[in-house]
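Asker: A single structure is presented below for examination.
The values are calculated or read from the model by the stated rules, or taken from the named source; none is laboratory data. Computed from a prediction, not measured in an experiment: that's the story for all the values here. Using ideal geometry, Cβ is built from the backbone for each residue, glycine included, and neighbour counts are taken over all protein chains shown.
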Amino acid sequence: MWPNEPQFMGAGTDKCERVCSILYSLRSLTAASAQNLEGTETSVIVMKGSAAFELATGLSRVVISASKRNGMRCSWGPQVEEMLHRLGWRQHLTPSLVSNVIDPFLLTHHSLALGFFNWASQQPGFTHTPSTFHSILKSLSHTHHFCVIHSLLKQAKALNFPIHPSLLSSIIASYVSRNNAREAFSLFKGVGPLCAEIGGPTCNSLLAALASDGYLDGAWKVFDEMTKRGVPFSTLGFGVFVWRVCGEGDLDKVLSLLGEVRECGSEINGSVMAVLIVHGLCRASKVSEALLMLDELRSMGWKPDFMAYWVVAAAFRSMGNVADEVKVLKKKRKLGVAPRSSDYRDMILGLVSERRICEAKELGEVIVGGNFSVEDDVLNALIGSVSSVDPGAAIVFFNFMVKKERFPTILTLSNLSKNLCRHGKVDELVEVLHVLNSQNYFKDVEGYNVMVSLLCKAGRVKEGYSVLHEMKKRGFSPNVSSYNYVMEACCKEDLLRPAKKLWDEMFSSGCCGNLKTYNILIRKFSEVGQAEEAKMLFYHMLDKGVTPDVASYTFLLQGLCQEDRLEAAFELYNKSVKQDIILAKDILSSFISSLCRKGQLMAASKLLCSLNLDIGHAESHIILLKCLADAQEIPIAIEHLKWVQEKSPSMLQDICTGLLASLSSATCPEPILLFLQRIQDVFNFPYFEGYVQPQIMIIRNMMKTLHDSAWSMEHDPGNINAPNELGSIHGPPIFLPPGNEIVEIYKIARKSHELALRFCITSKPKSEASEAHRSSGIFKYIDQHGNLMNQLTMTPMVPFKQGHAAYACAEWLWMHFEFEGFFLCVLTGKLSPSESVV
């Protein structure tokens, strides 16, 4: 009934093998039970309790372990699918098992969770259920994979699968936290009746986000739904909403809002609300209405404090209306109450936490402008967060803090420095540091090192160096970190001579360099073609008893290879082997890359063949073979693979798997495809059978068809068949991660879309039939090419990151044509090559 247990070639670790052993034991249990249950669904009945838990645990460990092989991070790939196929569990997957593997074991491994979900959908007889959808959505709910989440939700809706409100709440909150409030609202609209179950915190966050982003129509709908369902409002959620509504200047609308909220019985801080309301009205130039609102709020029980009266008085003062300013100040003394700093502390920290930075800044400006009391942690939060959007306002908060003889934390200063540099405000940063220095903020060596590091990161090397002398004048001795900051900045600015001078000064001061010091200079000397200087530093480091690390060897090996000093490079690598085999293994791939970049392919091959199997690993062989394929040195590559097959058949399998996966980063995929075809011919791997050659032909045919159609539309606008020719592009489903050649297809395709649409819009059809003829061709092409995009961008075998050219083009299709096939395909499993490849 079961296939023989396979040998796990290159399975990775003993841990993985132990896990596989557990899985086979459980599989045997299922097989034995199957014979006794006479056709009953044994996977559902037998796999319960501890056995089901062990199975889910084991499968998850296999997935995670396989994803880390060959130095890869936890991401889905062919090696994971291959391992799962070898286990022999495909016929016995159940929805409960899939959901139990994902939740809890793959919840934080989002790529693996999605890959496993998609892989399961491709297995014979398997069908997803609400539990599997719930588990994958739970895993993705805290990621930025919005398009995939959107597609999964639509698929669940089409299948009438319910989604638990707590999960919907998590997804909406994730959208909001990543500044995607409109997408969150789009989801909220479809589940409005579940508003109460989704919860007050999430609904209030969405309400505030929509209002903050200026999408008041959506905010009103959320407000109405919350009111209808009895969801309580928070000070932050309703506060931001009514604040922005006040900005429209409609007093009646504001009063209506306040009346509805009072009826809901929500616990809202009336004093904070009064400040937000009058501030919003004053910003809308409705100052007289703001004055009336003070009395209205007081009659409602939301007693305005001194801060609210100050806002209105300041608005009258800015208008030159002294009489009304005096009138407001008199009311303040008679009717106002002292503001409670704790109320505003909670509000501002909440706004910062919810990433409503503009609102936090405006409220902070009111506090600072009126010279009201504010805690240090609030000012630190304002300085650090506001500096990311408005450095000028952050400096105002900083000056207010220093004027009160209070100072920012080191973390706040670091964030302020980073954001000032990002906005090109380096002079302001230097002034901030001078102000702090004059206030004796930097009191010891560690404090001065903070100042030096910030100046050096800002590119102010001279000022950073001068701080070293200031330290000495004040009786402090700069330590190795002090010198390293300046030395690293010198090298970054190509100031090699000052860096050498600093090196001499450091040693003459009795401060010996550490590993970082040597690595800084070795790297720079190697980069600028002074490998001999770098080599001398390396051996000087050894003489001083400093042990080189991966970076030390990597930088120097790169420099030696760049100057074609192969003998010295091999001697250095042998030294790394003697020092630490693990270290030698870690630097091998980089060394092979350096050799290949200089065209030393035979030398790289000989090096790999000379190493013990415990040092050489598949990744370094893959790097060499890709370079050999690009250089069309196929005979050398085949001979190299024959050596690998003789020494380690398991590594040969890993190499071939890695070559397939490497297509996603290939500069041009065709040489590697041709090389894989040659491997198939020589080694007769069933892994590649019927796979490689069709891909080559598909690429070439598509390039020609797309190019010809685009050219025809651009140069022959009278040809009404040109757009329709795009619809002729078709072919079998392919799996080919896009290299530059595929990116060119996308570029041509995008141009074809634009030309075709322009053709439809600008040309005058002779009849409706000809118009329909053109349109059908265009959208037939969009559908066909969209399906191609699905396979290239969203295949579970190699999920691509946002920002990738393929992803960008696919996203462009979706935005312009609302074509969603390339997201839905990950659920159907129809486009994966798993069945034919493995």
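Asker: Need a quick list: helices (runs of 4 or more DSSP H) entirely within segment 492-610 having at least 1 residues that are of a type in the set (D, E, K, R).
Answerer: 496-508, 515-527, 531-543, 566-579, 581-597, 601-610
Asker: Please state which of the following conditions Gly459 fails to meet, knowing it meets all the rest: (1) buried (at least 16 other Cβ atoms within 10 Å of the Cβ); (2) within 27 Å of Ile357 (Cβ to Cβ).
Answerer: (1)
Asker: Looking at segment 294-309 only, could you name the residues that are surrounded by fewer than 24 Cβ atoms within 10 Å (Cβ to Cβ) and either outside the structural domain of Glu248 (by TED's automatic domain parsing) or farther than 22 Å from Asp252 by Cβ (or both)?
Answerer: Lys303, Asp305, Phe306
Asker: Further question on the same structure: Out of all the residues in segment 254-312, which are part of a helix (DSSP H, G or I) and among the hydroxyl-bearing types (Ser, Thr, Tyr)?
Answerer: Ser256, Ser271, Ser288, Ser299, Tyr309 - these are the residues of segment 254-312 that are part of a helix (DSSP H, G or I) and among the hydroxyl-bearing types (Ser, Thr, Tyr).
Asker: Taking only pairs six or more apart or across chains, which ones have beta-carbon atoms under 7 Å, a first residue in segment 54-66 that is assigned by TED's automatic domain parsing to the domain that holds Thr108, and a second residue that is in a helix (DSSP H, G or I) and of a type in the set (Lys, Arg)?
Answerer: What qualifies is Ser65/Lys15.
Asker: Among the residues of segment 629-657, what is the count of those that are outside any helix (DSSP H, G or I) and over 26 Å from Met83 (Cα atoms)?
Answerer: 3
Asker: Shifting gears a bit: Gly320 is checked against (1) free of Cβ contacts under 8 Å to residues at least 12 places away in the same chain; (2) in a helix (DSSP H, G or I); (3) of a type outside the set (D, E, K, R) and fails just one. What number does that condition carry?
Answerer: Unmet for Gly320, out of (1) free of Cβ contacts under 8 Å to residues at least 12 places away in the same chain; (2) in a helix (DSSP H, G or I); (3) of a type outside the set (D, E, K, R): (2).
Asker: Hey, can you tell me all the residues within segment 336-348 that are in a helix (DSSP H, G or I) and surrounded by fewer than 14 Cβ atoms within 10 Å (Cβ to Cβ)?
Answerer: Within segment 336-348, Ser342 is the sole residue that qualifies.
Asker: Now, a different point. With under 23 Å from Leu560 (Cβ atoms), among the polar types (S, T, N, Q) and surrounded by 15 or more Cβ atoms within 10 Å (Cβ to Cβ) as the only criterion, which of Asn519, Asn479, Asn514 stands out?
Answerer: Asn519
Per-residue answers, yes or no, for (1) of a type outside the set (Asp, Glu); (2) more than 22 Å from the chain's Cα centre (by Cα); (3) not assigned by TED's automatic domain parsing to the domain that holds Ala219:
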residue	(1), (2), (3)
Leu140	yes, no, yes
Ser151	yes, no, yes
Leu159	yes, yes, yes
Ser170	yes, no, no
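Asker: Do we find that Gln579 is modelled with pLDDT of 90 or more, surrounded by fewer than 17 Cβ atoms within 10 Å (Cβ to Cβ) and among the polar types (S, T, N, Q) in this structure?
Answerer: When the stated conditions are applied, Gln579 passes them.
Asker: Among the residues of segment 278-293 satisfying the criterion of being touching a Gly at 6+ places or on another chain (Cβ under 9 Å) and surrounded by 22 or more Cβ atoms within 10 Å (Cβ to Cβ), which is farthest from Pro232 (Cα to Cα)?
Answerer: So the residue we want is Lys286.
Asker: Being touching a Pro at 6+ places or on another chain (Cβ under 9 Å) and either acidic (Asp, Glu) or part of a helix (DSSP H, G or I) (or both) is the filter here, so list the residues in segment 359-396 that pass it.
Answerer: Ile367, Asp376, Leu379, Asn380, Ile383, Gly384
Asker: Being more than 41 Å from the chain's Cα centre (by Cα) and either under 30 Å from Asn449 (Cβ atoms) or in contact (Cβ under 8 Å) with a residue 40 or more places away in the chain (or both), is that true of even one residue in segment 349-362?
Answerer: No, segment 349-362 has no match at all.
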